[in-house]
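**Student:** Please read through the structure below; I'll follow up with questions.
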């Protein structure tokens, strides 16, 4: 005789993405109020981790965090000094920094009624979020993204990860944050590459979901490239809004299926990052990956040459490189670096199940394909090379 017990439950989850300036000014109550609304055991313990690159550009930040917690000591209890960690992809390429965050959790006796505040770019937020998720099986994380890319995309979602076995995001968790706080003040010190890099994620979500938003980016591309803050703030807000709408309303927030629309252009981007030893920034690689898949969509007969040129011209105006020497291989029968197409297998493996690639059916509308032709990928690489020569930035 066999017996079966069925376990079924559901969990509602809600978190806010806040927009502010000068978050750690004593007069700004936002962080203190978020904590006081979230936890009744006050003052709440707080561990803080700061991206070293952010600290370098904001040398008073660490002291400002300390002063802020002292000023709001009725709600916040800072555990030790803020921990500084290496920024960029280096923070995800080794377990060392995860261990440092876990040591902060252990030594500060930070438990599941306490919080970790992560201040930095997307890579640091990924790494700290992963450490917080495995510490005591889950410590609440409050993200303070400091780059365009992390404010409009990676910092507002539910994923955390580090790289392992030479593969992008091989170790990770799905763990929603307690809150995300976008502070526009951090954008002012970004260099041009970091400023530009995150725009590619906005183009990505516009191309697959919202023609009007893509047209807005087209019309404002020159201003965005010239670091106009007002259009950048709109771009970040709209992109973050669309990203969270997809996660919350798309029916698959933890990616159990084979469809992953928000990774449009990413199969090649992730591999390009790895092959360049991460000298190519994520957003730069995403721009190239999108251009590759847009041209592939055109060569497949899905979109016409005018739509293709509009996308390439937009990226060109924004100041992106549209291709990279790593993509091509002179000894390959298709003129394609054979290492690049390994990204397709890794992309499928990372998600599991059937390979699912998002292409463009039209501007503003994506369509899923389950295979890609290497000959056509090679032709797309050549197309981009020839376009770049004909249309210099």
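**Student:** Do any helices (runs of 4 or more DSSP H) entirely within segment 125-216 hold 2 or more residues that are buried (at least 24 other Cβ atoms within 10 Å of the Cβ) and in contact with a helix residue (DSSP H, G or I) (Cβ under 9 Å, 6 or more places away or on another chain), and if so, which? Even if it seems obvious, please write down each step before you answer.
**Tutor:** Details: elements: 148-152, 192-197, 199-209.
Of the helices (runs of 4 or more DSSP H) lying wholly inside segment 125-216, those with at least 2 residues that are buried (at least 24 other Cβ atoms within 10 Å of the Cβ) and in contact with a helix residue (DSSP H, G or I) (Cβ under 9 Å, 6 or more places away or on another chain) span 148-152, 199-209.
**Student:** Condition first: loosely packed, with under 15 Cβ neighbours inside 10 Å, in contact (Cβ under 8 Å) with a residue 60 or more places away in the chain, touching a helix residue (DSSP H, G or I) at 6+ places or on another chain (Cβ under 8 Å) and closer than 20 Å to residue 188 by Cα. Can you find one or more residues in segment 86-105 that meet it?
**Tutor:** Among the residues of segment 86-105, not one is loosely packed, with under 15 Cβ neighbours inside 10 Å, in contact (Cβ under 8 Å) with a residue 60 or more places away in the chain, touching a helix residue (DSSP H, G or I) at 6+ places or on another chain (Cβ under 8 Å) and closer than 20 Å to residue 188 by Cα, which makes the answer no.
**Student:** Filter segment 343-363 down to residues that are more than 18 Å from residue 286 (Cβ to Cβ) and either modelled with pLDDT of 90 or more or surrounded by fewer than 14 Cβ atoms within 10 Å (Cβ to Cβ) (or both), then give me how many there are.
**Tutor:** 7
**Student:** Inside segment 33-49, can you point out the residues that are surrounded by 20 or more Cβ atoms within 10 Å (Cβ to Cβ) and touching a helix residue (DSSP H, G or I) at 6+ places or on another chain (Cβ under 8 Å)?
**Tutor:** 46, 47, 48, 49
The values are calculated or read from the model by the stated rules, or taken from the named source; none is laboratory data. The structure displayed is predicted, hence computed values, not measured ones. Cβ atoms come from the backbone with ideal geometry, glycine included; neighbour counts cover every protein chain shown.
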